[in-house]
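A short write-up of the structure that comes next.
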Amino acid sequence: MKFTTLPRLFTMIFVTTLFYAPIYGQENLNYQTPPKEILELADYERTPAVMIDSHNKFMIFTYRNTYKSLDELNQPELRLAGLRINPVVNISSTVTYINNLKIRKVGETSETQFVGLPSNPKISNIQLSPDEKNLAFTHTTDSGVELWVANIESRRANKLFKRYLNANMGNPICWSRDGSYLIVRVLPQNRRAIIDESKNIPNGPIVSISEGKVSQNRTYQDLLKNKNDEINFETIASSELWRVGLKEGDSNLFLKADIYASESFSPDGEFIMITTIEQPYSYIVPLNRFPQISRVYSKDGELIKEVNSVPLIEIQPKGFSSTRIGKRSMDWRADKPATLYFVEALDGGDQSVKAEYRDMMYTWEAPFNNEPKQMIKVPQRFAGVIWGDDNTAILRDMWYDTRMTSTYIFSPSSLSLEPKMITRRNRQDVYSDPGSFETRKNQYGRYVLAIENGNLLLIGDGYTKEGQFPFIDEFNLKTLKTKRIYQSEYKDKKEDIISITDFKKGIALVRIQSKRDYPNYYLRNFRKKSDPQMLTNFPNPFKKLERVHKEVIKYRRNDGVVLSGTLYLPENYNKNSGEKLPLLIWAYPEEFKDASSASQSTHNPNEFTAPSYGSFVYWVVRGYAVLDDASFPIIGEGSDEPNDTFVEQLVANAKAAIDAVDSLGYIDRNRVGVGGHSYGAFMTANLLSHSNLFAVGIARSGAYNRTLTPFGFQNEQRNYWDAPNVYNTMSPFMNAFKMKTPMLLVHGEADNNPGTFTLQTERYFQALKGLGAPVRMVILPKESHGYAAKENILHLLWEQDQFFEKYLKK
C-alpha cells in the first residue's frame, strides 16, 4: 500500500471560470484568511467539555484545540473496509485528540491539573471505571497508542502498560465490573508488515459474483478492493486481548490474536461477551456487515458458549424498516446478573411482507444451557428497550414509512400479562414528544429505569407552538398517567435538563444559556424550584456578536405549511431606515410524511449564538442579514413520496423565506445568496438550476448526480430503476444546462461520507464549465466530509467572503 503525504510548503489549487484570473482554468493560490471581522470570531479558544460523575461529586474538564492543523491531517492513512486509520500508530486517522485534563469537585471554585500526564498529550478513548474511581484513556505517541489511567482522588495519571494498543477498530479499552482491571486490545507481537500496493504485481484479475438475488446496498466509501486489501485489513484489525491490572506489571494474555469487534462484561462481572469479525470479507459493504461470531467467556477466559453467528450481509430486503434475519441487537440485561437479550425478525426481515408482528424479543440466561425464552413481540420494528426490574421495563418500536413509534410497558417476570401501549405518535411530531424515561445506576453499575415510589420520571425537550419549555414529568406505574412536576419558565433564556442526579431531593443537572451567555452547567432543585446553583462559568468567546439582532421568524409556504428560521441583523442596523441589506440563507432539507409535523418549529431565539463554518452567521458582522437554519421540509403524505415533488417544494420553501424577510422591509430581494453542506449543497445546486431567486450559491461537499447513488440516497428508499424520473429530475448534473447563477463549489479532497465522493463535485464542475456556467471549484486538501484543519477552514471563509462581496455587495 502506498502512502502519500503533502509537501511542507502547502499550495492549494483552485479551478475557476471566473474572477481573479479568468483566462486560466486553474489558479495557484496560497492559503488566505478571512477579513478581520470574521477572523476575530473564527480564531478563538475552544471552551473545555465537561464530564460529571453519576453522584454529582466531581467534574472532569477535557481540553482540545479549536481546529486541527493541516499537518495533523497530513499523516499516513490506510482506507480499508470502511476504516480510515494511521498504520504507523494504529488509531483512526480522523480522531480528534484531547490535549489536557483537569478536575474539580462540585463546590470547588477552580479546576486542578491532573499530575503526571504525558508531555504533549494526545488523549482519546476516555472511559470512567464503573466504580468511578479511575479514568482510563489512551495517549498516542509517534510510535503507537499507550494505555494510561488517572486516579480521581489523587488526581494523578500514570502509564499502565508497556505494550502498544490497537485502536484501529475503535475504543480498545473495556473496564471490568469492579474497576480493578481492564481488558484491552494489544498489537500482536511479530505482526505482519503492510503490503505496499505500489510494489506488488497482481497474480490475476479481481472477480466479483452475483448469485442473482435482489439486494439494495448504498454507495459506501473506502471498501476492500482486492486480496492484498483483505490481508492488510486482517493485519491492521487483529489484536491480542490482555488483562491489565491497576498495578504496574499486573498483566497477562487473555485471548490470542483475532479481529475483535467488541467486548462487554456481564453486569455481575462474571462473564464477558466478545464479538469477532470473520471471513469471507466483502468488496461491496463495509466491515459492520462482515460475518461475526459472538462468544461468552468466563472472566478468567474460559469459553462458555457461542451465542450468535451472523453471516455476511450483502443481500437484504429493500426498505429502511427491513433488517437481517437471525439474532440481532444482542446485549446484557442491565437489571440481571448475567442474562442476554436479543431480537429476531418474524417477517423474514422484509418490510414488504404483511405480518401482524414484526419482531420478537428473547432473553437467555447464563450459562446458556437452556433455550432462549420468548419475552415480547411487537407489530413494528424493535427500536430499543430500557430495563427496570422484574416488574417493569420499557420497549419502543417504530416503522420508517409511517414515521410512527410506539412505547410499551411490560413486566419481564410476568409474560402472561400483555404489554401495555403507553404512547403512539409520529416521531417527527415534536410537540407531542412525551420525553425520555430517566435512568440511574443499579447495584451492577448499569443504568436502569429510575423507579421512585411507584413512579418513573420523564425528561422532555418541551417544544410547543409558543416556544421551548423543557419539563420533568412523573409517570405513575399504576394509572399510566403523567403529572408535570417541573417546567422551565424562562422567557429570555434556554434551559436544557441533562439528567437527574438526586431523585429523593429532586436535584437535576441543567444547562442554561441565552443569546449572549455561553451555555453553563447548574444544579436545580426542581421540587423546591429555587434558583439553580452554578457549576461552571465559561465566558462568551464571541462578544462581537452580543449586540446583533436575533429573532425566530415564522412564515407560510404557498400551500399553508408553516416554516421558520433564525434571523440575524447587523449590530447597528436601523430597522426603520429603509436600508436594504443583502440576505444569506443557510438550510438543509428534511423529509416528512405530514404537513402538521413539517410545520412545527424547534428554533429557540434564546439559544447562544455560536458561529461556525457550518453556517453563514459570521457574515452578520460584514453587513449581511442572515436567515440561519431555514425550514426546508419536503413532504409526501399518504402514498406520495416526498421526493416526487422535491424540486417544486424546494423552490416554494426558498420563495417563502425570501418573501418573509422581504416583507419586513430589511432586504434587497435581488441580492440573496443560499448555501448548504452535503444534502444542503444538493439543495443549493437544485435551487440555482430551477429558480431565479438567488444571485449566488455556496454548495459544499454535495452529491449532484444521483445515478451514482442508484440504490437510494438520504431518505429515498427507491432505487434508480424504481423511479428514474425522480432521480434524473433531482440531479443537478442532469440539469446543468439550466444553471446560470454564480456558484462556489467546495469539497474535501478525501470525503468519507457514503455517496458524496469528491468525484461528484469534480464531474459537476466539468459539466458546468463545459456549458459556460459561472462557477468556481475549491478542493480542500486532506479534508473529509466535515472540515477540520484551521488552514482550510479559514481559507474557506475567505473564499465565501470573496464570493459574497463580488456578487451581493458590488
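The values are calculated or read from the model by the stated rules, or taken from the named source; none is laboratory data. A quick note: this is a predicted structure, and the numbers were derived from the prediction, not measured. In this analysis, Cβ positions are derived from the backbone assuming ideal geometry, glycine residues included, and neighbour counts consider all displayed protein chains. Heavy atoms of the whole protein, side chains included, go into the accessibility calculation; ligands, DNA and RNA do not. Shrake-Rupley method; radii C 1.70, N 1.55, O 1.52, S 1.80 Å.
Evaluate segment 650-659: report whether one residue or more is modelled with pLDDT of 95 or more, among the acidic types (Asp, Glu) and part of a helix (DSSP H, G or I).
Checked against the condition, which is being modelled with pLDDT of 95 or more, among the acidic types (Asp, Glu) and part of a helix (DSSP H, G or I), segment 650-659 yields at least one hit.
Being under 16 Å from TYR588 (Cβ atoms) and either surrounded by fewer than 16 Cβ atoms within 10 Å (Cβ to Cβ) or not aliphatic (A, V, I, L, M) (or both), is that true of even one residue in segment 652-669?
Checked against the condition, which is being under 16 Å from TYR588 (Cβ atoms) and either surrounded by fewer than 16 Cβ atoms within 10 Å (Cβ to Cβ) or not aliphatic (A, V, I, L, M) (or both), segment 652-669 yields at least one hit.
Within the bounds of segment 756-769, is there any residue that is part of a loop (DSSP other than H, G, I, E, B), surrounded by fewer than 22 Cβ atoms within 10 Å (Cβ to Cβ) and not polar (S, T, N, Q)?
Yes, the conditions are met somewhere in segment 756-769.
In segment 193-232, how many residues are open to solvent by 90 Å² or more (accessible area, probe 1.4 Å), in a loop (DSSP other than H, G, I, E, B) and either in contact with an Asp or Glu (Cβ under 8 Å, 6 or more places away or on another chain) or modelled with pLDDT of 85 or more (or both)?
The total comes to 2.
Going by the conditions given, is PRO582 out of contact with any Cys (no Cβ under 9 Å at 6 or more places or on another chain), open to solvent by 50 Å² or more (accessible area, probe 1.4 Å), within 21 Å of GLU37 (Cβ to Cβ) and at pLDDT 95 or above?
In short, no.
Among what's in segment 604-625 and is among the aliphatic types (A, V, I, L, M) and outside any loop (DSSP other than H, G, I, E, B), pick the residue that is surrounded by the fewest Cβ atoms within 10 Å (Cβ to Cβ).
VAL621
Within segment 244-256, which residues are surrounded by 19 or more Cβ atoms within 10 Å (Cβ to Cβ) and either among the hydrophobic types (A, V, I, L, M, F, W, C) or modelled with pLDDT of 95 or more (or both)?
Listed by number, the residues that qualify are VAL244, PHE254, LEU255.
Kindly check whether there is at least one residue in segment 585-603 that is assigned to a loop (DSSP other than H, G, I, E, B), buried (at least 20 other Cβ atoms within 10 Å of the Cβ) and among the charged types (D, E, K, R).
Looking for residues that are assigned to a loop (DSSP other than H, G, I, E, B), buried (at least 20 other Cβ atoms within 10 Å of the Cβ) and among the charged types (D, E, K, R), one finds at least one in segment 585-603, hence yes.
Scan segment 541-550 for residues that are over 26 Å from the mean Cα position of the chain (by Cα) and surrounded by 13 or more Cβ atoms within 10 Å (Cβ to Cβ) and jot them down.
LYS544, LEU545, VAL548, HIS549, LYS550
Inspect segment 586-605 for any residue being at negative phi and in contact with a Leu (Cβ under 6 Å, 6 or more places away or on another chain) and give the result as yes or no.
no
How many residues, within segment 492-540, are buried (at least 16 other Cβ atoms within 10 Å of the Cβ) and either of a type in the set (Asp, Glu) or within 30 Å of ILE38 (Cα to Cα) (or both)?
Matching residues across segment 492-540 total 17.
Which of the residues belonging to segment 236-281 are in contact (Cβ under 8 Å) with a residue 60 or more places away in the chain and assigned to a loop (DSSP other than H, G, I, E, B)?
Correct list: SER238, LEU246, GLU248, ASP250, ILE259, SER266, PRO267, ASP268, GLY269, GLU270, TYR281.
Working only within segment 259-285, note down all residues that are open to solvent by 20 Å² or more (accessible area, probe 1.4 Å), closer than 13 Å to VAL184 by Cα and not aliphatic (A, V, I, L, M).
Within segment 259-285, SER262, GLU263, SER264 qualify.
With respect to the numbered conditions (1) over 14 Å from MET169 (Cα atoms); (2) modelled with pLDDT of 95 or more, which one is the sole condition not fulfilled by ILE274?
(1)
Could we say that PRO412 is crowded, with 19+ Cβ neighbours inside 10 Å and either in contact with a strand residue (DSSP E or B) (Cβ under 9 Å, 6 or more places away or on another chain) or in a loop (DSSP other than H, G, I, E, B) (or both) here?
Against the criterion (crowded, with 19+ Cβ neighbours inside 10 Å and either in contact with a strand residue (DSSP E or B) (Cβ under 9 Å, 6 or more places away or on another chain) or in a loop (DSSP other than H, G, I, E, B) (or both)), PRO412 qualifies.
Taking segment 113-150 as the search range and keeping residues that are small (Gly, Ala, Ser) and over 17 Å from PHE61 (Cα atoms), which one is least open to solvent (accessible area, probe 1.4 Å)?
GLY144
Which one of the conditions (1) over 26 Å from PHE161 (Cβ atoms); (2) without any contact (Cβ under 8 Å) to a residue 40 or more places away in the chain does TYR63 fail to meet, given that it meets all the rest?
The one condition TYR63 does not meet is (1).
In the set SER329, SER309, which member is more than 30 Å from GLU716 (Cβ to Cβ) and of a type in the set (S, T, N, Q)?
SER309
Can you go through THR684, THR741 and tell me which one is in a loop (DSSP other than H, G, I, E, B) and farther than 23 Å from GLU314 by Cβ?
Only one candidate passes the filter, namely THR741.
Would you tally the residues in segment 695-724 being crowded, with 20+ Cβ neighbours inside 10 Å, among the basic types (Lys, Arg) and either within 21 Å of the chain's Cα centre (by Cα) or in a loop (DSSP other than H, G, I, E, B) (or both)?
Number of matching residues: 1.
Kindly indicate whether any position in segment 340-362 is of a type in the set (Ser, Thr, Tyr) and open to solvent by less than 20 Å² (accessible area, probe 1.4 Å).
Scanning segment 340-362 turns up no residue that is of a type in the set (Ser, Thr, Tyr) and open to solvent by less than 20 Å² (accessible area, probe 1.4 Å).
Name every residue in segment 536-590 that is in contact with a His (Cβ under 8 Å, 6 or more places away or on another chain) and among the hydroxyl-bearing types (Ser, Thr, Tyr), in order of residue number.
SER564, THR566, TYR568, TYR573, TYR588, listed by residue number.
Please specify each residue of segment 598-619 satisfying the condition of being of a type in the set (S, T, N, Q), farther than 23 Å from GLU489 by Cα and touching a residue at least 12 places away in the same chain (Cβ under 8 Å).
SER599, SER615, listed by residue number.
Among the residues that make up segment 381-398, is at least one of them open to solvent by less than 40 Å² (accessible area, probe 1.4 Å), touching a Lys or Arg at 6+ places or on another chain (Cβ under 9 Å) and assigned to a loop (DSSP other than H, G, I, E, B)?
Checked segment 381-398: no residue is open to solvent by less than 40 Å² (accessible area, probe 1.4 Å), touching a Lys or Arg at 6+ places or on another chain (Cβ under 9 Å) and assigned to a loop (DSSP other than H, G, I, E, B).
For segment 626-649, give me the residue count where each residue is in a loop (DSSP other than H, G, I, E, B) and buried (at least 24 other Cβ atoms within 10 Å of the Cβ).
Of the residues in that region, 2 qualify.
Taking segment 233-243 as the region of interest, how many residues are of a type in the set (Phe, Trp, Tyr) and either out of contact with any helix residue (DSSP H, G or I) (no Cβ under 9 Å at 6 or more places or on another chain) or open to solvent by 90 Å² or more (accessible area, probe 1.4 Å) (or both)?
Of the residues in segment 233-243, 1 are of a type in the set (Phe, Trp, Tyr) and either out of contact with any helix residue (DSSP H, G or I) (no Cβ under 9 Å at 6 or more places or on another chain) or open to solvent by 90 Å² or more (accessible area, probe 1.4 Å) (or both).
Residues that are among the aromatic types (Phe, Trp, Tyr), more than 26 Å from the chain's Cα centre (by Cα) and within 27 Å of LEU687 (Cα to Cα): does segment 582-590 have at least one?
No, that holds for no residue.
If only one of LYS36, LYS57, LYS68 is of a type in the set (Lys, Arg), open to solvent by 30 Å² or more (accessible area, probe 1.4 Å) and either touching a strand residue (DSSP E or B) at 6+ places or on another chain (Cβ under 8 Å) or under 30 Å from GLN189 (Cβ atoms) (or both), which one is it?
Going through LYS36, LYS57, LYS68 in turn, just one is of a type in the set (Lys, Arg), open to solvent by 30 Å² or more (accessible area, probe 1.4 Å) and either touching a strand residue (DSSP E or B) at 6+ places or on another chain (Cβ under 8 Å) or under 30 Å from GLN189 (Cβ atoms) (or both): LYS57.
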